[in-house]
Amino acid sequence: MTALVLSPASAQAAKKSFREVWLIAIGHSLTHWYPATFYLLLPLIGNELGLSYVEIGSVLTVQATAGAISNIPGGLIVDSVPRKGLLMAIALFWVGAPYLLMGFTHQYWTLLTCAALVGIGNNIWHPTAIPLLAQNFPERRGLAVSIHGMGGNVGDAIAPLVAGSLLTFMSWRNVVVVNLLPGVVMACVILVSLGRMEARPREADKSGACSIGQMVGRKLRDFGRLLRNRTLVFLCASSIFRSMAQGALMTFLPVFLARQMGYSPVWVGAVMAGLQIAGFAAAPIAGHLSDTMGRRQIIVGSMTTSFVVLLFMAIAGDSPWFVMFVAVLGFFLFAVRAVLQAWLLDATPPEMGGSSIGLLFAIQALGSASGPLIGGLIADRYGIMMVFYFLAATIVVANLFVFVTPMPAARFAPSTDSEVP
């Protein structure tokens, strides 16, 4: 791999204000706001429409599958379009609008269609925002990407509390209508504040002006070389199992709390918020430690602890201990998301950052798609508690791939002459 030296401009970027980081993190929180609300609404929707566990899981499977299909072409397009702020604003609106349509549906198939649209829209945001932050803050890449991830945890934490409170005096259909407002407001803020924000460096600056089609064609050729990056391949393999566990957990944890433990929507929202608040606290800690101690050590430690906690949850059953373990799980399970992303970008040329993140999220979407469906099959046949044993097993497999992931010989930083390792 070519070792790259930071330019003076890059060194200055590493020391500049984190204002852009915080603004993008807030936008990220809204992209998570809608799915987090939907997890809470899904048991109510399932009851009204008479859905089985498999059908409940299939809604999120369709959403994740659409994301998996759209992630890679989305990443290639993101790498080819310089207006990153505009792309983020479009993505934020695209995520919220299908949830609004869900509020007017009475058909299972319409629900699946809306879920697919959400999966497509959400995959414009991540290939745009994460590489953009990594390029602008190369020496604090783990911290910047973790703050972005922390924004997602904030959305995941606050949304269930707000939705749970609204459900005490609103129907779930009214909640999804009201829920659209924060995303519309934030999309406008990002458009005004960051609408002209561009990635550095711009490929057009190197080779002259060219059409988006020509740039996408060039990125397609580079993408084939990117697939030979062994660090990327192993991290993607680990991520598919980790996202499988997370997707099944986020689907069946609220269902378990509502159906098995008899919790009201407010209490289900509170427990889900606790899960995310713990992840919120863990994200910047893990990101900073990964910058100083190394990515592998943080990921292995967090995944190992997640495995142990999931076993304790399965053993605890529907006792109060189960709820106590949820917050502990959130601290360690969500801590590794941004560290995985930072590790991937360490080994990826900056001009291919959107494509590599798109590939990572496509692989993760496959895990998120299969996790709820497999969990539903297990729950229907063996009982919902067996799902948590399944989650523990997937974390073990994810950790094994991290053990064998090769470290990049040097970290990529913004440059105009980088090559795929």
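Quick notes on this one:
Per-residue answers, yes or no, for (1) aromatic (Phe, Trp, Tyr); (2) closer than 20 Å to residue 64 by Cβ; (3) at pLDDT 80 or above:
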| position | (1), (2), (3) |
| --- | --- |
| 325 | yes, no, yes |
| 335 | no, no, no |
| 344 | no, yes, yes |
| 359 | no, yes, yes |
| 374 | no, yes, yes |
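- Residue 391 falls short on exactly one of the conditions (1) at pLDDT 75 or above; (2) in contact with a Lys or Arg (Cβ under 9 Å, 6 or more places away or on another chain), and that condition is (2).
- Residue pairs whose Cβ atoms lie under 6 Å apart, separated by 6 or more positions or on different chains, with the first residue in the range 262-287 and under 17 Å from residue 338 (Cα atoms) and the second open to solvent by 50 Å² or more (accessible area, probe 1.4 Å) and assigned to a helix (DSSP H, G or I), are 278/331; 282/331.
- Checked against the criteria, residue 101 does not count as open to solvent by 30 Å² or more (accessible area, probe 1.4 Å), farther than 20 Å from residue 34 by Cβ and either of a type in the set (A, V, I, L, M, F, W, C) or in a helix (DSSP H, G or I) (or both).
- Taking the conditions (1) under 14 Å from the mean Cα position of the chain (by Cα); (2) free of Cβ contacts under 8 Å to residues at least 40 places away in the same chain in turn, residue 101 satisfies each one other than (1).
- Qualifying residue in the range 84-93 (condition: modelled with pLDDT under 80, open to solvent by less than 10 Å² (accessible area, probe 1.4 Å) and not basic (Lys, Arg)): yes
- Residue in the range 243-254 that is more than 19 Å from residue 384 (Cβ to Cβ), out of contact with any Leu (no Cβ under 6 Å at 6 or more places or on another chain) and surrounded by 20 or more Cβ atoms within 10 Å (Cβ to Cβ) present: yes
- For the range 146-174, a residue qualifies if it is hydrophobic (A, V, I, L, M, F, W, C) and open to solvent by less than 50 Å² (accessible area, probe 1.4 Å), and the qualifying residues are 147, 150, 154, 157, 159, 163, 166, 167, 172.
- In the range 42-60, the residues that are farther than 12 Å from residue 115 by Cβ and open to solvent by less than 10 Å² (accessible area, probe 1.4 Å): 46
- Listed conditions (1) surrounded by 21 or more Cβ atoms within 10 Å (Cβ to Cβ); (2) more than 24 Å from the chain's Cα centre (by Cα); (3) more than 27 Å from residue 52 (Cα to Cα) are all met by residue 321, apart from (1).
- Here residue 349 meets each of (1) buried (at least 22 other Cβ atoms within 10 Å of the Cβ); (2) touching a helix residue (DSSP H, G or I) at 6+ places or on another chain (Cβ under 7 Å); (3) of a type outside the set (Ser, Thr, Tyr) with one exception, condition (2).
- Those residues of the range 313-326 which are free of Cβ contacts under 8 Å to residues at least 24 places away in the same chain and under 15 Å from residue 245 (Cβ atoms), in sequence order: 325
- Listed by position, the helices (runs of 4 or more DSSP H) inside the range 301-413 whose residues that are touching a Phe, Trp or Tyr at 6+ places or on another chain (Cβ under 6 Å) number at least 1 are 320-333, 353-382, 386-403.
- Summed over the range 156-189, the residues that are under 18 Å from residue 101 (Cβ atoms) and hydroxyl-bearing (Ser, Thr, Tyr) give a count of 1.
- Considering the range 113-123, and only residues there that are touching a residue at least 40 places away in the same chain (Cβ under 8 Å) and open to solvent by 20 Å² or more (accessible area, probe 1.4 Å), the residue that is nearest to residue 340 (Cα to Cα) turns out to be 122.
- Of the residues contained in the range 124-141, none is found to be modelled with pLDDT of 80 or more, surrounded by fewer than 22 Cβ atoms within 10 Å (Cβ to Cβ) and part of a helix (DSSP H, G or I).
- Only one of the numbered conditions (1) closer than 17 Å to residue 313 by Cα; (2) crowded, with 24+ Cβ neighbours inside 10 Å is not met by residue 279, and that is (1).
- Every listed requirement among (1) among the hydroxyl-bearing types (Ser, Thr, Tyr); (2) under 19 Å from residue 149 (Cβ atoms); (3) open to solvent by less than 10 Å² (accessible area, probe 1.4 Å) is met by residue 355 save one, (2).
The values are calculated or read from the model by the stated rules, or taken from the named source; none is laboratory data. No experiment lies behind these values; they were computed from the predicted model shown. Ideal geometry is used to build each Cβ from the backbone, glycine not excepted, and the neighbour counts take in all protein chains shown. Please note that ligands, DNA and RNA were not included when accessible areas were found on the heavy atoms of the full protein model with its side chains. Shrake-Rupley method; radii C 1.70, N 1.55, O 1.52, S 1.80 Å.
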